[in-house]
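The values are calculated or read from the model by the stated rules, or taken from the named source; none is laboratory data. Because the structure is predicted, anything quoted here is derived from the model rather than measured. Ideal geometry is used to build each Cβ from the backbone, glycine not excepted, and the neighbour counts take in all protein chains shown. The area values use the complete protein model at the heavy-atom level, side chains included, leaving out ligands, DNA and RNA. Shrake-Rupley method; radii C 1.70, N 1.55, O 1.52, S 1.80 Å.
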Amino acid sequence: MISKKYFNLIILILIFSSLNYSQKKNTRTLFQSSPIAALLNGVMNDNFTVSEISKYGDFGLGTFNGVDGEMIVLNGKVYRVDNNGKVTMPGKLTRTPFVTVTYFHADTAIMIYDSLNMKLLQEYIDKNLRSKNLIYAIKISGKFNYIESRSEEKQTQPYSNLADVLKKQSVFKFNNIEGTMIGFKVPTYLQGVNVPGYHFHFLSKDKKSGGHILDCTSGNIKVEIEALNNFELKFPATVDFYNLELERKATSGL
Ligand SMILES: [Zn+2]
């Protein structure tokens, strides 16, 4: 039988470890595995794996090596929407050339019952942001009257730039669909590092459809926002990235 002294010690350890756990998980940090300019200019492979994502966040978006579909990270689970619109959960050793995640803790929540298109929805969210100079994680869940999303075909080497790949993108259209938009708003001064402005991916509630959002019309939705205070950028440790002449290349076009 455990003595009372040891029992109290175990309880204390449990309390401290849970405090430590919650502190770690609320970092208010955007983590990113690569600058977007690398992906835009054809660095479509890296060694960063799906299993490593959970060290940095439980909420976010990205793609997979060879731009093999759109990535959604929601509640710590990683999903892939492929070129045919099919949703699967990639294996832990699947690699990604670009992923951006945070541990999501909303500090603002807004209910919207109006039917707003993408432009109006973004203007509405803009009014609720405290500064244009911060990065925001944004989760929008509920019913959407319309969602238009895309994915793209897996590329083989030698890779073209992303703008060329997206000329052949697959577009998916959904009416009256429930689900979650997962995304970020990034200040324009970070162009080349991340995608300036709003960038959303979508995952339906039944986890059967999604993609990179091109357009939407809201129904009844809840918008949750977290202002992030920190930004952590990893650089790909690959020859392709080291040799890329980024200084003279495009920094937009997603
Ligand atoms: Zn995207």
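Determine, yes or no, whether LEU120 is farther than 27 Å from ASN229 by Cβ, free of Cβ contacts under 8 Å to residues at least 24 places away in the same chain and either touching a strand residue (DSSP E or B) at 6+ places or on another chain (Cβ under 9 Å) or within 15 Å of the ligand (Cβ to nearest atom) (or both). Can you show your working first?
Working: farther than 27 Å from ASN229 by Cβ: yes; free of Cβ contacts under 8 Å to residues at least 24 places away in the same chain: yes; either touching a strand residue (DSSP E or B) at 6+ places or on another chain (Cβ under 9 Å) or within 15 Å of the ligand (Cβ to nearest atom) (or both): yes.
It is true that LEU120 is farther than 27 Å from ASN229 by Cβ, free of Cβ contacts under 8 Å to residues at least 24 places away in the same chain and either touching a strand residue (DSSP E or B) at 6+ places or on another chain (Cβ under 9 Å) or within 15 Å of the ligand (Cβ to nearest atom) (or both).
Okay, residues lined up against (1) under 22 Å from ASN194 (Cβ atoms); (2) buried (at least 18 other Cβ atoms within 10 Å of the Cβ); (3) within 14 Å of the ligand (Cβ to nearest atom); (4) among the charged types (D, E, K, R):
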site	(1), (2), (3), (4)
VAL50	yes, yes, no, no
PHE59	yes, yes, no, no
GLY91	no, no, no, no
THR108	yes, no, no, no
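What are the residues in segment 205-221 that are within 16 Å of the ligand (Cβ to nearest atom), within 18 Å of ASP126 (Cβ to Cβ) and open to solvent by less than 30 Å² (accessible area, probe 1.4 Å), if any?
Of the residues in segment 205-221, the ones within 16 Å of the ligand (Cβ to nearest atom) are 209-216.
Then drop every residue that is not within 18 Å of ASP126 (Cβ to Cβ), which leaves 213, 215-216.
Across segment 205-221, the qualifying residues are ILE213, CYS216.
Got a sec? Which of PRO196, PRO158 is within 16 Å of the ligand (Cβ to nearest atom) and within 29 Å of PRO97 (Cα to Cα)? Spell out the reasoning first.
Details: PRO158 fails: within 16 Å of the ligand (Cβ to nearest atom).
Going through PRO196, PRO158 in turn, just one is within 16 Å of the ligand (Cβ to nearest atom) and within 29 Å of PRO97 (Cα to Cα): PRO196.
Here are GLU148, GLU178, GLU224: which of them is more than 16 Å from the ligand (Cβ to nearest atom) and open to solvent by less than 60 Å² (accessible area, probe 1.4 Å)?
Values: GLU148 fails: more than 16 Å from the ligand (Cβ to nearest atom); GLU178 fails: open to solvent by less than 60 Å² (accessible area, probe 1.4 Å).
Criteria check complete, one pass: GLU224.
Conditions tested, residue by residue: (1) of a type outside the set (S, T, N, Q); (2) in contact with a Lys or Arg (Cβ under 8 Å, 6 or more places away or on another chain); (3) assigned to a loop (DSSP other than H, G, I, E, B).
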residue	(1), (2), (3)
LYS92	yes, no, yes
ASP114	yes, no, yes
ILE125	yes, yes, no
TYR136	yes, yes, no
PHE172	yes, yes, no
TYR189	yes, no, no
